[in-house]
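Student: Below is a structure I'd like to ask you about.
The values are calculated or read from the model by the stated rules, or taken from the named source; none is laboratory data. All of these numbers come straight from a predicted model, not from anything done at the bench. Ideal geometry is used to build each Cβ from the backbone, glycine not excepted, and the neighbour counts take in all protein chains shown.
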Amino acid sequence: MTDGFLDISNLGMTFRDRKGDLEVLRDISFSLGNEEFLCVLGPSGSGKSTLLRLIAGLLKPTAGEINFGECDCAPRVGLVFQHANLMPWRSVRQNIALPLELQQIGADEINARVDQMIRLVGLEEFSHSWPSELSGGMAQRVAIARAFIQEPDLLLLDEPFGALDALTRERMGAELLNIWQGSRIPVIMVTHSISEALLLSDRVLVFTHRPGQLAQDVPVTFPRPRSEELRYTAAFQDQERALRGTLREKIS
């Protein structure tokens, strides 16, 4: 199923404080391939966001292992949250350039790569705008561009379109799909949208209520490249109904 970019074995996470223990994840095991797009579905509070933070190294698991294939060094991870988290004192262009500046890359290369990324996300007219002047969808495009520009080995997306209206969310999903199809880096994306998961991913992981456990690993067999029109086909709607039934069965 995968060629082993990421392997997670018996992963568990329990938060401990003076009030007691809160088990968030229990015995999670799955693998991710080098060019695979994985979506995670499940009820609120099932540990989906915690999973991403564990993989990114922001938290340490209390059980199990996270291994990145045969890589001897930590992979470069791009992380995009539900809110864009842009720096308000930096323009669109400056926000996108930040990861390259931190890597101390030369100015000419930074400018060339920022130009390319701004074109890719369709923000040419807003490159010198401030975050306060952007719509929610535009701000998320900046956040996605900032994640992609560092050429990460792995992209983690934590409900990146959850705060957007339905039409903007669909458009952003299509734009993300177009960007990813040009890079094919491995992706794990948390979402609450069944339609979004089926359009974007190669597999969907279904989590139970807290403590989150892996209830089912569902393959998505639609051929690539994909486009927004796929949502309106009979085959897509059939699989959407089937996955909705799986969710009802596994998390009820």
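Student: When only residues in the stretch 216-250 that are part of a helix (DSSP H, G or I) and in contact with a strand residue (DSSP E or B) (Cβ under 7 Å, 6 or more places away or on another chain) count, which is modelled with the highest pLDDT?
Tutor: Leu243
Student: Do you know which residues across the stretch 5-47 are in contact with a helix residue (DSSP H, G or I) (Cβ under 9 Å, 6 or more places away or on another chain) and free of Cβ contacts under 8 Å to residues at least 24 places away in the same chain?
Tutor: Once the filter is applied, which keeps residues that are in contact with a helix residue (DSSP H, G or I) (Cβ under 9 Å, 6 or more places away or on another chain) and free of Cβ contacts under 8 Å to residues at least 24 places away in the same chain, the stretch 5-47 yields only Phe15.
Student: If Met87 satisfies every condition in (1) surrounded by 18 or more Cβ atoms within 10 Å (Cβ to Cβ); (2) assigned to a loop (DSSP other than H, G, I, E, B) but one, which is the exception?
Tutor: With respect to (1) surrounded by 18 or more Cβ atoms within 10 Å (Cβ to Cβ); (2) assigned to a loop (DSSP other than H, G, I, E, B), Met87 is out only on (1).
Student: If you don't mind, there's one more thing I want to ask. I'm told Ala242 meets every condition in (1) surrounded by fewer than 18 Cβ atoms within 10 Å (Cβ to Cβ); (2) hydrophobic (A, V, I, L, M, F, W, C); (3) touching a Ser or Thr at 6+ places or on another chain (Cβ under 9 Å); (4) closer than 28 Å to Leu25 by Cα except one. Can you identify the failing condition by its number?
Tutor: Among (1) surrounded by fewer than 18 Cβ atoms within 10 Å (Cβ to Cβ); (2) hydrophobic (A, V, I, L, M, F, W, C); (3) touching a Ser or Thr at 6+ places or on another chain (Cβ under 9 Å); (4) closer than 28 Å to Leu25 by Cα, Ala242 violates only (3).
Student: Consider the stretch 196-215. How many of its residues are of a type outside the set (Ser, Thr, Tyr) and either over 30 Å from Met13 (Cβ atoms) or assigned to a loop (DSSP other than H, G, I, E, B) (or both)?
Tutor: Going through the stretch 196-215 one residue at a time, the tally reaches 5.
Student: Counting just the residues of the stretch 153-172 that are outside any loop (DSSP other than H, G, I, E, B) and either among the polar types (S, T, N, Q) or modelled with pLDDT of 85 or more (or both), which one comes out surrounded by the most Cβ atoms within 10 Å (Cβ to Cβ)?
Tutor: Among those that are outside any loop (DSSP other than H, G, I, E, B) and either among the polar types (S, T, N, Q) or modelled with pLDDT of 85 or more (or both), it is Leu157.
Student: May I ask you to verify whether Ala107 is in contact with a Gly (Cβ under 7 Å, 6 or more places away or on another chain) and surrounded by fewer than 20 Cβ atoms within 10 Å (Cβ to Cβ)?
Tutor: Considered against the rule, which asks whether it is in contact with a Gly (Cβ under 7 Å, 6 or more places away or on another chain) and surrounded by fewer than 20 Cβ atoms within 10 Å (Cβ to Cβ), Ala107 comes out as no.
Student: When only residues in the stretch 219-239 that are among the polar types (S, T, N, Q) and without any contact (Cβ under 8 Å) to a residue 24 or more places away in the chain count, which is surrounded by the fewest Cβ atoms within 10 Å (Cβ to Cβ)? Before the answer, list the steps.
Tutor: The initial filter retains those residues of the stretch 219-239 that are among the polar types (S, T, N, Q), namely 221, 227, 233, 237, 239.
Remaining after also requiring without any contact (Cβ under 8 Å) to a residue 24 or more places away in the chain: 221, 233, 237.
Numbers: Thr221: 8, Thr233: 11, Gln237: 13.
Selected residue: Thr221.
Student: I would also like to ask the following. Starting from residues that are in contact with a helix residue (DSSP H, G or I) (Cβ under 9 Å, 6 or more places away or on another chain) and of a type in the set (S, T, N, Q), keep the ones in the stretch 104-127 and report whichever is farthest from Gln150 (Cα to Cα).
Tutor: The extreme case among them is Ser127.
Student: A follow-up question, please. If I go through the stretch 209-218 residue by residue, how many of them are surrounded by 18 or more Cβ atoms within 10 Å (Cβ to Cβ) and over 14 Å from Ala242 (Cβ atoms)?
Tutor: Count: 6.
Student: Here's a follow-up. I'm trying to understand the selection: among the residues of the stretch 27-68, which are under 25 Å from Leu177 (Cα atoms), in a strand (DSSP E or B) and polar (S, T, N, Q)?
Tutor: Correct list: Ser31 only.
Student: So, one more: Would you tally the residues in the stretch 41-84 being modelled with pLDDT of 90 or more and exposed (fewer than 14 other Cβ atoms within 10 Å of the Cβ)?
Tutor: Going through the stretch 41-84 one residue at a time, the tally reaches 5.
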